[in-house]
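Structure, as structure tokens:
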Ligand SMILES: [Zn+2]
Ligand SMILES: [Zn+2]
């Protein structure tokens with residue numbers, strides 16, 4: 001079969017590799033769609049540790065070919081793959097925190113993933129897609145699972161006033177999910193006018209610029225109290241500092257963007273004084289996959305408008321370059337079978 005093989009950082013090419021044979025508890029999947037995201041670009045550049053040579057791709061939808069389907073997904077079934085691997089026996093897995101398993105990993109980082117003709121997934125990690133949900137949209141659901149995990153862990157509740165800063169793929173998902181969960185006020189912030197328009201079209205009550213504009217909007221909308229929750233999707237420490245300013249006394253901050261390590265100044269005194277809860281989140285759990293398939297099938301979250309580009313997976317190198325360039329119009333890029 002063919003696969004895009006990352007030999008080492010910054011060196012990837014289409015290669016013929018050995019055919020895959022599923023073992024007990026595994027299925028062989030013909031990859032039809034695989035989303036690409038910032039994690040892939042960081043793995044590509046060697047900024048995230050990974051096992052080389054590697055087939056990247058952790059946002060996978062495909063058709064079951066054969067293997068240990070356990071009577072659950074018949075050959076031909078279209079399935080979404082949960083790429084988060086875990087041991088099931090350690091302290092964290094037994095607590096239900098499978099996403100934190102120190103013996104685990106992620107398809108497309110520690111083991112081969114979706115940018116290939118076929119991939120192997122665990123039978124326990126596949127979720128059939130209902131007929132009304134097309135496979136291309138399905139490939140964006142893995143991202144939504146991390147968004148749902150974050151709102152569950154932060155306990156975003158009905159009636160909350162929420163700010164989502166950064167209106168890229170995850171920000172636009174957070175806006176829709178917050179509204180679906182009954183948030184009273186949802187404010188999206190971005191410096192990009194096109195993305196602010198999208199946020200409004202997808203259900204945000206307000207979409208404004210960062211900084212003073214955001215503060216004025218949330219204070220007006222909450223009678224001077226501030227945001228119950230600020231979800232920071234930019235991944236920039238100055239934006240995290242702004243989140244501290246926008247959260248109300250006793251509020252919560254979900255740092256959803258991933259911050260590079262290194263020195264930075266944060267208003268630490270305000271963490272204490274405002275009694276803020278900082279809720280960190282990583283990946284998602286198995287049950288988030290079926291919940292997200294339901295949310296998208298019921299139309300409570302609309303992922304189709306977020307998919308702006310589709311390319312054959314053999315053009316992964318161009319897709320990576322595309323993601324590294326800033327763009328006002330590009331949101332989600334999905335690669336499909338070549
Ligand atoms: Zn991703
Ligand atoms: Zn474990």
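The values are calculated or read from the model by the stated rules, or taken from the named source; none is laboratory data. Not measured: the values here are computed from a predicted model. Counting neighbours? That spans all protein chains shown, and the Cβs are built from the backbone with ideal geometry, glycine included.
Odds and ends about this structure:
- Being in contact with a strand residue (DSSP E or B) (Cβ under 9 Å, 6 or more places away or on another chain), surrounded by fewer than 19 Cβ atoms within 10 Å (Cβ to Cβ) and more than 22 Å from residue 277 (Cα to Cα) is a property that holds for residue 209.
- Single residue of region 101-112 satisfying the filter (within 8 Å of ligand 2 (Cβ to nearest atom) and at pLDDT 95 or above) that is nearest to residue 53 (Cα to Cα): 103
- Residue list for region 320-338, filter: in a loop (DSSP other than H, G, I, E, B), touching a strand residue (DSSP E or B) at 6+ places or on another chain (Cβ under 7 Å) and in contact (Cβ under 8 Å) with a residue 60 or more places away in the chain: 329, 331, 337, 338
- When the strands (runs of 3 or more DSSP E) confined to region 99-195 are screened for residues that are surrounded by 20 or more Cβ atoms within 10 Å (Cβ to Cβ) and touching a residue at least 12 places away in the same chain (Cβ under 8 Å), those reaching at least 3 such residues are found at 118-122, 161-165, 185-189.
- Any chance residue 129 is in contact with a helix residue (DSSP H, G or I) (Cβ under 6 Å, 6 or more places away or on another chain) and either within 30 Å of residue 230 (Cβ to Cβ) or modelled with pLDDT under 95 (or both): no
- Count of region 63-96 residues which are part of a loop (DSSP other than H, G, I, E, B), more than 19 Å from residue 107 (Cα to Cα) and within 16 Å of ligand 2 (Cβ to nearest atom): 4
- Taken over region 62-85, the criterion of being more than 24 Å from residue 97 (Cα to Cα) and either out of contact with any helix residue (DSSP H, G or I) (no Cβ under 9 Å at 6 or more places or on another chain) or crowded, with 24+ Cβ neighbours inside 10 Å (or both) is satisfied by 62, 64, 65, 66, 71, 74, 75, 76, 77.
- Residue in region 29-44 that is surrounded by fewer than 13 Cβ atoms within 10 Å (Cβ to Cβ) and modelled with pLDDT of 95 or more present: no
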